[in-house]
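One structure is given here, and the rest of the page talks about it.
Laboratory data are not the source of any read-out in this text; all were calculated from the coordinates shown. The shown structure was predicted, so the numbers you read here are calculated from the model rather than taken from an experiment. All Cβ positions, glycine included, derive from the backbone under ideal geometry; neighbour counts span all protein chains shown.
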């Protein structure tokens, strides 16, 4: 008897199914099954990957979904007593069934989502054609009603399904996973089948591959529900029977109903749906002129060519003559027309033209699209592909049919406007986003699984930290060194890693791709199933699958630097109305000098410290040099930097194996850096077409061995087609020796994997140059826009303010008469340009009141606080807004002290509010009497005298500025402690510590720190939180802020006892300790010592790190300082000691309170010394796996306090 699994959940039943798609057809093949179905919960994310995997294994794929059906209407949002949703399995019999299935699944998200995506009976009645339905598991309507004792209700629904789908298309589903409820349901279903004639089908609710995988799937469910395995098996999976069973196993379960097994094959035979990957579905673009798309694109191209010739944008040279341009235009247009992509170009041209009409900043280009001359002439890009020797075939290859891909950068703030335009033009149901999946990556899956297994955070953290910081590394690759030792020696760690490896890489959640947008010819739901994420409609398929299905994908990227450039231009145009960054010279000496000096903080793509060093060595002088730098400073190409610089500076001479390589590699100092160079070498040396050369480049980049060997033969010896025609001559026929040809091919192969796309780098070089130009010639305007772009980011704000200071540009406090909503450029009292803080950055102050104040300023400056309130009281001023403005210093220039304003501003507001109210009432009386129709309420006027008060101390004013704006303007609280900080050696910058562990940071730290490194820092305590440990001890957390950022300090009980009184908000302290970095949070400092800072310090103090290991005799460390250190005092002599290799600790047991205290201490003082416990309760030694100590004096003293002197031994 043959059998087919028709109810199966893959890994795309997110955090529920633990069956990898690649393994499904392999399991079917191993069991002798000729077909298998996929029926994920409520979604169809994985069906295309499943289909392709099955086809590769020769297994018939059946496309389906286990949908959720609302108990009433899908539009009903009331919580039903029965849960409100039931399962139902739907299988696509044919194309009509598939179309109906994706339509209903789409509607379940766009119309029926309530906890889960739900369809309803209405949809089923209208879209049942071509579908085969199964009554589902115990969560189906019919089984649920049987279990509730409502057999009649269950039979009525079964008969209704039979009518909806047609007799023979609906089956009563039998399952047996060893659960008592299923036996009851199965008996009822068999009886119902005999009574109604509705056929039976036997399934297993497959969620994993083997019985042994049951625990792995249980852990996956615990990750989903944030529960622990120790709480018991997840509900609904109380047995380990939900695996892929063989035919024999299914026969043993359902021997009494053989027809239920036979029906699985009959259903499989009927299901015949195949995806079509051969068609491309372009949306229609119809020119309003009546021309064909091809004619319209040709006209746009030549009009652009003539315009750029006239403006001087295109200049001809001996090498690049006018005929060179015209020939390239004709060639590109012919390829575009032949491949059917004229409409594609016009769609992109149209939305970019819209953006430019609406003054929405658009990038100069991105990706391989910058290699198209037609795109440049139409205004899609700003990059002249002939001038920069960029290849059209890198974008559109006539020898490899693939979708073109124009990626477009827009202003971050206005990107949505372009998407809205596209939705209006093509129809909202033709435009949607694209799904992407977050996966269970190596470190993350270890932490997730550790939580599910109930392991302590500390134990899991040790394992996770042993995995290298590499987002692409797998656990199998990481299983070396320390991690391998822990895996081999500790059973708990082995179980953690094994389960983590089983789940690693599985999708964790679906979300919206950051940039991808699909535009379809028909409504999108006719092509693909849709989902909804944060109110955005998405395809359920990923970008790669969308392209394979022939749908058109566009990347609408939001680029912060385009917003910065746009904001800078707006400020410049206040004094230079015609300024346009796209019209500036690309040969500006000042801009290249700024880049060459490494002054590139805030410059697009050129900001990191490593990049600055490269630029200073390179001394760029043109766009191509910037392109080189962007391409070189990446993993892989970086290895070429030393040789490149030696060749560029003349320290060494590039060697060219054959003369024809010189022309290709000369501009890159003899190094292969660009993908286009690989293509050029294939063309020049072996005679490949550029289209064929691109195919070879791709094979090299992806290390496709078979394709590469075939390409090598063609490259060296040439190639003929099936008719004997020469398709490429080969290097040997062109005069290169066989040995040289092979060596050149090998060199290309080694570089091709890392070579960068020159088209993309050139487009980015334009943006980099434009930002450098603005910073060089308009530093105030540029830095003001840069600061606006990082509002709320303290670290970056501090960095850019420091940059402004290096240009001698002041950043001024908010001012009610001068500030705009955002950072702006003003003239200071010395007549110099300065940057004024924006009022929108003041806490509790909204945009509406600021718009009103800025508009009111057109009637004259505010002359006093009372004048401000008088003129603005009609705009619903509130006390929180005014308090925030006062504390920020926004009213300082009006002549009344902050102390006086804070004491009496509420009185002023109340007086004006009462006056305004009484005037309004009086005027209402006049209106009701009909005496003054059309009269306006005059704002109340009042003279108000403030009581004289002393101004607030500087420290208080600084605190208020920080509180209201996040910044200090009148100075910095640490300024008066500078001497003491320097003496203590507490000069580590918090921003550098944070950047050291921020993998997504644009900038690099000036000094990089490591996890567990001993450091000393100084700053102001801003917050403190106390906490009691489970052992009854005390610990504290505090936030420390210096001039560059803020970091969390952690104080354990022994340290806290000594220094608790020092760590209060507003205290200025220096702290020594160890950096503690975890992947899922910002780094912290585990504090071991604290010193209170003293202002105007001129004494002597022992540097904190030198005394860090000493246990202080007194809590007040500063009592050890003397007025002056004797000049003759020699430095204490340092003793060289051999550090111990092993630490032996005698503990009562391995689980009690004492062991917990010791473990906590060992985590604080983590190091390389091996720890071995002697467990008194067991009478044996136990090696601590994954727990190493740093046996410092301080730690040993604390251990002896806990365990006793004789219980702590080092060897």
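At-a-glance table
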item: Amide N of the stretch 775-798 lying under 18 Å from the label point, which is placed 7 angstrom from the Cα of residue 830 along Cα→Cβ; result: 779-781
item: Shape call, the stretch 89-219: gyration tensor on alpha carbons, a/c limit 1.5; result: oblate
item: Hull volume in cubic angstrom per residue (convex hull over the Cα atoms of the stretch 556-650); result: 125 Å³
item: The stretch 699-765 pair-distance distribution - Cα-Cα, 5 Å bins, rounded %; result: 4, 16, 19, 19, 17, 13, 8, 3, 1, 0
item: R0 of 41 Å, Cβ-Cβ distance residue 472-residue 740: FRET efficiency to nearest 0.05; result: 0.70
item: Largest-first ellipsoid semi-axes for the stretch 563-767, taking √(5λ) over the Cα gyration tensor eigenvalues, angstrom; result: 39, 19, 14
item: Listed peptides 1171-1181, 530-540, 805-815, 766-776 by packing density, highest first (mean Cβ within 10 Å); result: 766-776, 530-540, 805-815, 1171-1181
item: Residue order, fewest to most surrounding Cβ atoms within 10 angstrom, among 1059, 223, 142; result: 223, 1059, 142
item: Translational diffusion of the stretch 236-381, µm² s⁻¹ [Kirkwood Rh, Cα pairs; Stokes-Einstein; 4 °C; 1.567 mPa s]; result: 63 µm²/s
item: Packing-based ranking, highest mean first, of 130-140, 495-505, 161-171 given that Cβ atoms within 10 Å are counted; result: 130-140, 495-505, 161-171
item: Per residue, the convex hull volume that the Cα atoms of the stretch 370-510 enclose (Å³); result: 220 Å³
item: Volume in Å³ per residue [convex hull over Cα atoms, computed for the chain]; result: 273 Å³
item: Calculated Rg and Dmax of the stretch 366-418 using C-alpha coordinates, Å; result: 12.5, 39
item: Difference of contour (0.36 nm per residue) and Cα-Cα distance, residue 306 to residue 492; result: 59.7 nm
item: Prolate/oblate/rounded call for the stretch 774-921, Cα gyration tensor, a/c under 1.5 rounded; result: prolate
item: In nm, spacing of pseudo-spin labels at residue 425 and residue 575 (7 Å Cα→C-beta vector); result: 3.9 nm
item: Listed peptides 478-485, 47-54 by packing density, highest first (mean Cβ within 10 Å); result: 47-54, 478-485
item: Packing-based exposure ordering (other Cβ within 10 Å, fewest first) of 344, 243; result: 243, 344
item: Calculated log₁₀ intensity ratio I(q)/I(0) where the Debye formula runs over C-alpha points of the stretch 438-537, q = 0.11, 0.15 Å⁻¹; result: -0.46, -0.66
item: Residue-averaged [θ]222 nm for the chain, counting only DSSP H segments that reach four residues, each worth -39500 (n - 2.57); result: -12500 deg cm²/dmol
item: Sorted by Cβ neighbour density within 10 Å, fewest at the top, the residues 426, 487, 837; result: 426, 487, 837
item: Rounded, prolate or oblate (a/c below 1.5 giving rounded, otherwise prolate when a/b exceeds b/c) for the stretch 545-607 by Cα gyration tensor; result: prolate
item: Approximate shape of the stretch 628-710 as ellipsoid semi-axes (Cα gyration tensor, √5λ), whole Å, largest first; result: 24, 16, 10
item: Rg to Rh, two decimals, where the stretch 961-1090 supplies the alpha carbon set and Rh follows Kirkwood; result: 0.96
